[in-house]
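Beneath this line is the structure, given in structure tokens, with notes to follow.
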Amino acid sequence: MAPAADREGYWGPTTSTLDWCEENYSVTWYIAEFWNTVSNLIMIIPPMFGAIQSVRDGLEKRYIASYLALTVVGMGSWCFHMTLKYEMQLLDELPMIYSCCIFVYCMFECFKIKNSVNYHLLFTLVLFSLIVTTVMYGMLVFTLVLRSIYIVTWVYPWLRGLGYTSLGIFLLGFLFWNIDNIFCDSLRNFRKKVPPIIGITTQFHAWWHILTGLGSYLHILFSLYTRTLYLRYRPKVKFIFGIWPVILFEPLRKH
């Protein structure tokens, strides 16, 4: 991790238990870690539109909750990296626990009747959320990954790519997260010697946000696609501007 703040900015001294590798207040006096902050937009804007579209399409509330949970994660991370305050750190970390629980619930309920509620699983995940520890958080992510792999083996071959892509992107982001932590001093020295435009590309914690945000978004799409396929809807993947994937579908016509 990075040492104490390089300089003091609008939000005052750092009170969070973590201070990442990005140089603090180097871009603007109002944002402690600029690139670590703005990179959270990928976890805020697309999921918000996904939630709105889910409401319009009358989807099950669990998928609306998934999109909104990812948005809250992005907002919490934005506030944390912008201020480096302890209370904002909690706003960053706790939503990650809750969003993972929602993702797990959606994956386990992919092959159930429409609008069914698994109260036993809900109770277990809520209890799990309340017992917030590093070990249990790791177990939750591990459970999510295992369930995702199981679902991937069930769906059609052309759909498996979406599931594998979401997992692969998430793992690549995790690799960048570790590079940022382990080689922080080297990265900081490198940035002092190169033009800023090159130094930006070495903000690996920002890349962690981008990749895990994209991976989480694709995971929601994969879960939603699998669910609507099981319910005999006709989902279609459409790319906005030829880049950003969304799911459109219509109920199967009754004969």
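The values are calculated or read from the model by the stated rules, or taken from the named source; none is laboratory data. Values in this document were obtained by computation on a predicted structure and should not be read as measured data. Methodologically, a virtual Cβ is constructed for each residue, glycine included, from the backbone with ideal geometry; neighbour enumeration extends over all protein chains shown. Accessible surface areas use protein heavy atoms only, side chains included; no ligands, DNA or RNA. Shrake-Rupley method; radii C 1.70, N 1.55, O 1.52, S 1.80 Å.
Things worth noting here:
- Projected label distance in nm at Asn178 and Trp29, using a 7 Å step from Cα toward the beta-carbon: 4.1
- Average projected area [Cα convex hull, segment 24-89], square nanometres: 4.6
- Protection proxy ranking of 85-93, 202-210 - average other beta-carbon atoms within 10 Å, highest first: 202-210, 85-93
- Highest average packing first - 169-177, 121-129, Cβ atoms within 10 Å: 169-177, 121-129
- Local electrostatic count, Phe34, Cβ distance below 12 Å [Lys/Arg +1, Asp/Glu -1]: -3
- Of the whole protein surface, Thr228 contributes about 10 Å² of accessible area at a 1.4 Å probe radius.
- Taking only Cα atoms of segment 1-118, radius of gyration then Dmax in Å: 17.3, 56
- Electrostatic bookkeeping for Val72 treats Lys and Arg as +1 and Asp and Glu as -1; over the other residues with beta carbon under 14 Å from its beta carbon, the sum is -2.
- Per DSSP, loop GluC sites (Glu not before Pro) in segment 5-84 with at most 16 further Cβ within 10 Å: Glu8
- For the pair Trp244 and Thr15, label points projected 7 Å from Cα toward Cβ lie 3.5 nm apart.
- FRET E, pair Leu90, Val194, Förster distance 30 Å, beta-carbon r, rounded to 0.05: 0.30
- Cα-centre dipole for segment 1-87 with unit charges at Cβ (Lys and Arg positive, Asp and Glu negative), debye to 20: 420
- Figure note: Val117, Val246 ranked by solvent-accessible area, largest first, 1.4 Å probe, ligands and nucleic acids not counted: Val117, Val246.
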